[in-house]
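The values are calculated or read from the model by the stated rules, or taken from the named source; none is laboratory data. Computed from a predicted model, the values in this text were never measured in an experiment. Glycine gets a Cβ as well: all are built from the backbone with ideal geometry, and neighbour counts include every protein chain shown.
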There are 2 protein chains.
Amino acid sequence: MVDITVLFEPEGKKTKTLIGSTILQVAKQAGISIRSECGGKGVCGKCKVVVKRSEALSELTEVERRYLSEAEIEYGYRLACQARILGNITVLIPPESRLSFRKIQFAGIEVLVKPNPTVRKIHVILPQPTLSDAKPDYERLIDTLSNTIRIDDLNISYPILKTLSDKLRNSDFNITVTVWNNRQIISIEQGDTSNELFGLALDIGTSKMVGYLVNLSNGETLDIESVENPQLIYGEDVMTRITFAMAEPKNLEIMQKLIVTGVNEVLDRIYARTKIDLSKVYEVVVVGNTVMLHFLLGLQPKYVALSPFVPTVKRRMHFEARELGLNVNPSSIVTLLPVIGGFVGADAVADVLATRIHESDKPSLLVDIGTNTEVIVGDSKRLFSCSCASGPAFEGMHIKHGMKAVAGAIEKVSITPDLNIEYKTIGDTKPVGLCGSAMIDIVAEMFKHKIIDSQGRINSKQSSPRLRVNNGEIEFVIAWGRETATGKEITVTQRDVHEIQLAKAAIYAGSSILMKRRNVCAAELKKVLIAGALGNYVNPENAKILGLLPDVPEDKIKFVGNTAIVGAKMALISKDARRKADIISRKVHYVELSTDPSFKEEFLQAMLIPHRDLNKFPSVKKILQY
Amino acid sequence: MVDITVLFEPEGKKTKTLIGSTILQVAKQAGISIRSECGGKGVCGKCKVVVKRSEALSELTEVERRYLSEAEIEYGYRLACQARILGNITVLIPPESRLSFRKIQFAGIEVLVKPNPTVRKIHVILPQPTLSDAKPDYERLIDTLSNTIRIDDLNISYPILKTLSDKLRNSDFNITVTVWNNRQIISIEQGDTSNELFGLALDIGTSKMVGYLVNLSNGETLDIESVENPQLIYGEDVMTRITFAMAEPKNLEIMQKLIVTGVNEVLDRIYARTKIDLSKVYEVVVVGNTVMLHFLLGLQPKYVALSPFVPTVKRRMHFEARELGLNVNPSSIVTLLPVIGGFVGADAVADVLATRIHESDKPSLLVDIGTNTEVIVGDSKRLFSCSCASGPAFEGMHIKHGMKAVAGAIEKVSITPDLNIEYKTIGDTKPVGLCGSAMIDIVAEMFKHKIIDSQGRINSKQSSPRLRVNNGEIEFVIAWGRETATGKEITVTQRDVHEIQLAKAAIYAGSSILMKRRNVCAAELKKVLIAGALGNYVNPENAKILGLLPDVPEDKIKFVGNTAIVGAKMALISKDARRKADIISRKVHYVELSTDPSFKEEFLQAMLIPHRDLNKFPSVKKILQY
């Protein structure tokens, strides 16, 4: 029995395996995500990888010959589910195979919006000039357009003007004009291309960027793609990145370029899949927290981070794609939705837009969980918002066996009375690690079963083989090595529990302060909406037991997924929605937690599970007594 | 007596001279223009040149020590009027010394315009942000500006937004904002810079570009500069350049770059002289014929030149200086005044604006003489315009001893009854050649004295030593070699006379056709206005005898100089003037001469001196009979 070493690139991750394993199996064990929509059955052809040393692999199978082109085979492409490893190899996972079936939380809510986009296409056939009608080209165009739209303030983007005369004559004066907001001609195409009208909704998160390619004619989402924020190499959290960007002007440029690179990566992948001509993407609507929007524009973010926490600009802004370097039509308009204040950005505006809490006459609590968590409390009368530095624990970072909510992640956990564990993984594969929703379950269940106390301390006196000391730290085993994809135990450590407490305390304290500002108690909340990276499978009872959320009846708690991108899409396809976004940004009050005198006390009280004051959690109190 | 060779750079022109001449004397003889406002008296210090071989020159004079800095002396600077040549040398004429006292025809008319520029500066001190007032920077700025201007449609140029936050804090929130047209923030400067508000009026002619640097606060012209249009290397006339530009896309880019180079040369020279910070130039108003404006923008000009003669755009357009590459503030606005039609461009609009013929209830004739000559006839009711391919003869080109109206040019000529010549040169120096006004005098005087007949044929039977055959062509001597700066005769050849006939016939035919369209005869004209390169010293009687102008009383003929640049300046300093320009461009009808059935006949009749139909020139008839 020989141990073989497999190196995965571009991660640079090495792992050992046995002769005869498929590349896909080894990748899963190593926690490397390879796209595999059929789960390795050889019927989707998505798990393409490149291996240069073909002699270290089994021969090409029939399945591979079906899914790979001659050119691909010659270049060293294989299907990861088919190729079996016979010797030491290096596996390169090309970008197109990198998308795992990550759960993008778009199904969380469904909002009906009547498509009324800001860009429109108008197909026109102009009368051809003659000696008796030698009107200049632009005036000829404008006159014809005046039959369809208001032309008083209409301008033309300079690069489009440059090509106008030739384009008219090359097309026999039969053209399609793209107009943004009745104000700017951003494209002139030959013939009738009016059925090709696309836009991109974009959510730039601190750790992840998500893009929706949308058909603006009918509002349909054609494709979805997400990538890690490439700025991650300069730090997980916003403050580290700002510190880097502040150091010298060049660094700010680097940060801007990284964001643009990420957006273009989203676009590249969408193009690779859909083959939709990206020059037919005429508007990009962007949301993100205030700092991410500053980075996209190359604006100095330090004043957002330093007291008195002032962004450069609040309102909705428009730029040309060529100014920012986005790989769509260079004259397309990039629209940044307005921000609220401090770190609470256009993502929070989009959250409100999508959930419509600002239209209800009863107050709701909205929590958008991420590396920074935005909290909004209010109704049609008054709304308050804040940003909590919750950290990335709920996204699986800073947790020993934490991972994102991708294939192989344990997403649900329950502990039986005899301290055994039941769990479910995403994709129903062998487990690789723990995602955010699992961590909520685990800490809540451990507390219910008195494995931890209200301070989060693991009770070493509990008698269970799952409780053990490893490298001097006490931990609780969730999955035994024999069960997991890696062959190693998946555990939760004392430090992991503490990370979750810090995160949930920050979120709860923020919620609590805003509820006080709005003068509303838990019982008065109409809804508690949880948005963001946690996923659709969070157990609301456990979230309450943990003390992440105020104690409200479970039917009031709703996990709404990525409402930021939903709001961005709404503003992309509807002028009314973007006007609403403007109103929301002005209406929601911003509360700066770091200067709130009660924050520290609220935070410390919320560090306990569920809270120092159990009377705030009557239903949890009942469960515990039961 | 030793002959010495002097090489002038950057012209690369070599000339021979005698030991002991000053550099200025030699330069004048060679037709090289060196700035010399005192005429060589040693009291202006403007004639700085650089000579590296100092031993070949006389020693530094007291005058030179007064006007040259230590550094300049070390670098080889001398004053051309002081340094005497002792041996072979190379003289480099630096840009700052290149301005001869070329006659820029700005004094032709004087128009009073109340300064009301489109750009304005607003000095504001913003309240500094605090925790209780953490309004974002841009909104803080806009709120303060709202005390002064309407802010509904106000935008900010992206590069200015990028620097906003740092600039506010570096200046303690004490800044000066430059706003274009109440619509766009184009500059933010630290402290109070409201007294530095400059603009450039620019006339891009086929052969010459002229720029006025204007103080927008009071409308004062601070400096004037003109350069040759660098496109001249691709042909003197517009059609040759269009043919080149049509050949391939790269050529169009070349033509655009050359125009931009020329404009930047104007700016460089203005800066060298005035030291006014060009980043404080916030608007550039450009006029020029339609093709020059196409070239400036890089628009395809071929459709203007080919039937049915359609420009790309007619209306006033605005661009950012950085889009075009002009070396002023990158966010400045470059405003191109509207055109009329065909080749009749914004220069003609500016001509009308400056001369106000569109406001009079009686019709005038306006002729703007250049390589293309624009003709406009009309009044407040109806106006007609056309462009005549008059060629550059009146600018001294295609004429054997022709030259521009610069120092050394003969500008006035009369012939005595005994066929002797009296003449006057610009700068009262020895003559070097003949400028346009001299050519009008010469042909008219030759005709009066029957040296030529009405067909322009030189009468070889006249008995005068000035009439001679040279290289098989008959010519008439204007100045003998002993009188001239070059030592060579200055003559007018049979071919020169023919060139002048072609030019004047084109202009007269155009005028005649427009007068017919407007249904006005010569006697009904209120004024005949002559604009352009001819100069202020044209003899109106001779212009009539030549048949360049219709036969009107001399007090109706006015030489108005460069009205195009005057109109551009008016639009630069006054919003009202630019609105008038828009109205003029729509109001003036364009007449395409090349398709006018009567043009050929009109042209042939006008080839005669003054005209085939002498009844059209009653006063000339009288002079001839007298």
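Just one of B:Ala577, B:Ala531 is in a helix (DSSP H, G or I), crowded, with 20+ Cβ neighbours inside 10 Å and among the aliphatic types (A, V, I, L, M); which is it?
B:Ala577
Count of the stretch A:322-341 residues, restricted to those that are within 13 Å of another protein chain (Cβ to nearest Cβ) and either crowded, with 23+ Cβ neighbours inside 10 Å or under 19 Å from the mean Cα position of the chain (by Cα) (or both), is 7.
On the basis of being surrounded by fewer than 24 Cβ atoms within 10 Å (Cβ to Cβ), away from every other protein chain (no Cβ under 12 Å) and at positive phi, does A:His358 make the cut? Before you say what the answer is, go through the steps one by one.
On the way: surrounded by fewer than 24 Cβ atoms within 10 Å (Cβ to Cβ): yes; away from every other protein chain (no Cβ under 12 Å): yes; at positive phi: no.
So A:His358 fails the test.
Residue pairs whose Cβ atoms lie under 7 Å apart, separated by 6 or more positions or on different chains, with the first residue in the stretch B:413-440 and free of Cβ contacts under 8 Å to residues at least 40 places away in the same chain and the second part of a loop (DSSP other than H, G, I, E, B), are B:Ile415/B:His449; B:Glu422/B:Thr416; B:Thr425/B:Gly408; B:Thr425/B:Pro431.
Reported count of residues in the stretch B:90-105, each being crowded, with 21+ Cβ neighbours inside 10 Å and at pLDDT 85 or above, is 1. Number of residues in the stretch A:162-188 that are facing chain B (nearest Cβ under 10 Å) and acidic (Asp, Glu): the value is 1. Among the residues of the stretch B:606-626, the ones that are free of Cβ contacts under 8 Å to residues at least 12 places away in the same chain and part of a helix (DSSP H, G or I) come to 5 in all. Here B:Leu353 qualifies as in contact with a Gly (Cβ under 6 Å, 6 or more places away or on another chain) and crowded, with 20+ Cβ neighbours inside 10 Å.
For the stretch B:133-153, the set of residues classified as surrounded by 15 or more Cβ atoms within 10 Å (Cβ to Cβ), more than 9 Å from chain A (Cβ to nearest Cβ) and at pLDDT 95 or above consists of B:Leu141, B:Thr144, B:Leu145, listed by residue number.
Out of A:Gly31, A:Gly42, A:Gly20, one residue alone is closer than 22 Å to A:Ala485 by Cα, touching a helix residue (DSSP H, G or I) at 6+ places or on another chain (Cβ under 9 Å) and not assigned by TED's automatic domain parsing to the domain that holds A:Lys400. It is A:Gly42.
Okay, residues lined up against (1) surrounded by fewer than 24 Cβ atoms within 10 Å (Cβ to Cβ); (2) in contact with a helix residue (DSSP H, G or I) (Cβ under 9 Å, 6 or more places away or on another chain); (3) more than 16 Å from B:Val344 (Cβ to Cβ); (4) of a type in the set (Val, Ile, Thr):
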| site | (1), (2), (3), (4) |
| --- | --- |
| B:Ala506 | no, yes, no, no |
| B:Cys521 | yes, yes, yes, no |
| B:Lys587 | yes, yes, no, no |
| B:Glu592 | yes, no, no, no |
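Scanning the stretch A:280-294 for residues that are in contact (Cβ under 8 Å) with a residue 60 or more places away in the chain and either surrounded by fewer than 24 Cβ atoms within 10 Å (Cβ to Cβ) or within 12 Å of another protein chain (Cβ to nearest Cβ) (or both) returns A:Lys280, A:Leu293.
Looking only at residues of the stretch A:410-455 that are modelled with pLDDT under 95 and touching a His at 6+ places or on another chain (Cβ under 7 Å), we find that the one that is farthest from A:Lys558 (Cα to Cα) is A:Leu419. Apart from one condition, A:Val304 fits all of (1) crowded, with 18+ Cβ neighbours inside 10 Å; (2) assigned to a helix (DSSP H, G or I); (3) away from chain B (no Cβ under 14 Å); (4) of a type outside the set (Gly, Ala, Ser); the exception is (3). Do the conditions hold for B:Thr416, that is, is it farther than 23 Å from B:Gln494 by Cβ and either among the hydroxyl-bearing types (Ser, Thr, Tyr) or buried (at least 22 other Cβ atoms within 10 Å of the Cβ) (or both)? In short, no. When the stretch B:66-94 is limited to residues that are more than 36 Å from the chain's Cα centre (by Cα) and outside any loop (DSSP other than H, G, I, E, B), the one that is nearest to B:Thr5 (Cα to Cα) turns out to be B:Glu74. Consider the stretch A:307-321 and keep the residues that are in contact with a Leu (Cβ under 7 Å, 6 or more places away or on another chain) and more than 7 Å from chain B (Cβ to nearest Cβ). The one that is farthest from A:Lys575 (Cα to Cα) is A:Met317.
Count of the stretch B:54-70 residues, restricted to those that are more than 19 Å from B:Cys44 (Cα to Cα) and of a type outside the set (Asp, Glu), is 4.
Mind checking whether some residue in the stretch A:397-408 is without any contact (Cβ under 8 Å) to a residue 24 or more places away in the chain and within 15 Å of A:Tyr537 (Cβ to Cβ)? Walk me through how you get there before you give the answer.
Just the residues of the stretch A:397-408 that are without any contact (Cβ under 8 Å) to a residue 24 or more places away in the chain, to begin with: none.
Checked against the condition, which is being without any contact (Cβ under 8 Å) to a residue 24 or more places away in the chain and within 15 Å of A:Tyr537 (Cβ to Cβ), the stretch A:397-408 yields no hits at all.
In the set A:Ala503, A:Ala509, only one residue is under 27 Å from A:Lys362 (Cβ atoms), small (Gly, Ala, Ser) and part of a helix (DSSP H, G or I); that residue is A:Ala509. Quickly run through the stretch B:476-504 and pick out the residues that are surrounded by fewer than 23 Cβ atoms within 10 Å (Cβ to Cβ) and in contact with a Lys or Arg (Cβ under 8 Å, 6 or more places away or on another chain). B:Val477, B:Gly481, B:Glu483, B:Thr484, B:Ala485, B:Thr491, B:Thr493, B:Gln494, B:Arg495, listed by residue number.
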